[in-house]
1. How charged is the neighbourhood of Pro307? Take every other residue with its Cβ under 12 Å from the Cβ of Pro307, and add Lys/Arg as +1 and Asp/Glu as -1.
2. Among DSSP beta bridges whose residues both lie in the chain, state the antiparallel percentage, nearest 5.
3. Sort 76-82, 302-308, 236-242, 113-119 for me by packing, meaning the mean count of neighbouring Cβ atoms within 10 Å per residue, highest on top.
4. Relative contact order of the chain: what whole-number percent is it, with Cα pairs under 8 angstrom and at least 6 residues apart?
5. So what's the gap between the Cα centers of the range 201-260 and the range 325-359, to the nearest angstrom?
6. Divide by every residue of the chain the summed helix terms, -39500 (n - 2.57) for each DSSP H run of at least 4, and state the resulting mean residue ellipticity at 222 nm, rounded to the nearest 500 deg cm²/dmol.
Amino acid sequence: MASEARIQRGPSGGKAQTTDRADDWPVPVSDAAAPQAGGIPPGAVWVRLSRYIGDSVMIHQSLEPLRALGLPLVAWGPEAVVDLFRGSAAFTGACGDPSSKPSAFAMARTLREAEARAVLVLPRSTRALLAGLLARVPLRIGWREGCGFLFANASRSFKALGGHQIDRYGALIARAFPAAAPAAALPPFVPRPESFGTARERLREAGLPENFLALSLGAASTNKRLPVATWVALVRHLQAQGRPHALLGANTSDRAEAALILEACPGTPSLVGRMDLPVSAAVLSRAAGLVGHDSGFSHLAAACGIPVVVVFGPTDPAGSLPRGRVQLVRREDLDCIACMKTICRLGDTRCLMGLDAGQVLAAVDRIP
């Protein structure tokens, strides 16, 4: 059993805030997080997860062909993201990083002690591939970019593949596992069982039924967020319909936006900052649907099997649209749409600031 990383097959007592970047909210190690007897079986495929929640959800979705082969899979990466999958049926085991950015040597020690059979590195991380090489893991799967071709013995070029991230992940998996057939469907993600009890408590505290509409305020960058005025228009629209709804989010920006929405719409239920990732998944799996940006929560809601209205601005849905029951909302009248810039070159993020709120309301009304 690796001594410097959190290796566990069952539930954990750790707390993770729900934001797009998991490493913004480190999870403290508690007594409940100690390794359990038996641990992770030797010969498992260690799947490296991203610090971004949405990317890690897409990685999870891309693994269905390996699950169909019956391969033991270990969720391995930043603790806050790993905690989302710990104790679920999606992975045989889980190993959270002991620090925000462990060295390749520390990662190699973990892999060697766990007797990993393969490392599957779907984020573009040469550090994780180097760790696999140092640990003499037999099969090292990753991207050729960034010197990855020096450490991997099964690789492809991420940029050359193009297309949706899940399809790129699938192409790399197929290179390493030729017997893995593409999944016919993606089953809903179900978090660990005890998350549902906490989820019921949070909904009861907020006075919400299970079929409420989740309004997810968060996004990894400011230029991917809707203006507060659009959220206010949506809340008032739902209030007029008598439709249950609640605000979701976690980080400082989410709390600030929630405060402005609550000022304009008193009495709006808010779950902002009140749930870790597994509980958030349990809450979302009981919701009627979600409205959000190109963000981790939109991907998580789609993976949980509920309808999602997702608003895109500077990012390209061809590469990262959530997979599931999704309605895409975006402006189609701009030449600069999907510019993939973190800072708007026009200075006003008109792809979102100028989006007609009526488009969002109309899409929401199509959610049963």
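1. On the way: positive: Arg325, Arg366; negative: Asp365.
Counting the neighbours of Pro307, the net charge comes to +1.
2. Values: 4 of 38 bridges.
If we restrict to bridges inside the chain, about 10 percent are antiparallel.
3. Values: 76-82: 28.3, 302-308: 23.7, 236-242: 13.0, 113-119: 21.7.
Ranked from most to least packed, the peptides come out as 76-82, 302-308, 113-119, 236-242.
4. Details: 803 pairs, mean separation 59.8, N = 368.
The normalised contact order for the chain reaches 16 percent.
5. 20 Å
6. Working: 16 runs with 135 residues, N = 368.
After summing the helix terms and dividing by residue count, I get -10000 deg cm²/dmol.
We did not get these values from a lab; they are worked out from the coordinates using the rules stated. From a predicted model like this one, the values you see are computed outputs, not experimental measurements. Here Cβ is always computed from backbone atoms with ideal geometry, including for glycine, and neighbour counts include all displayed protein chains.
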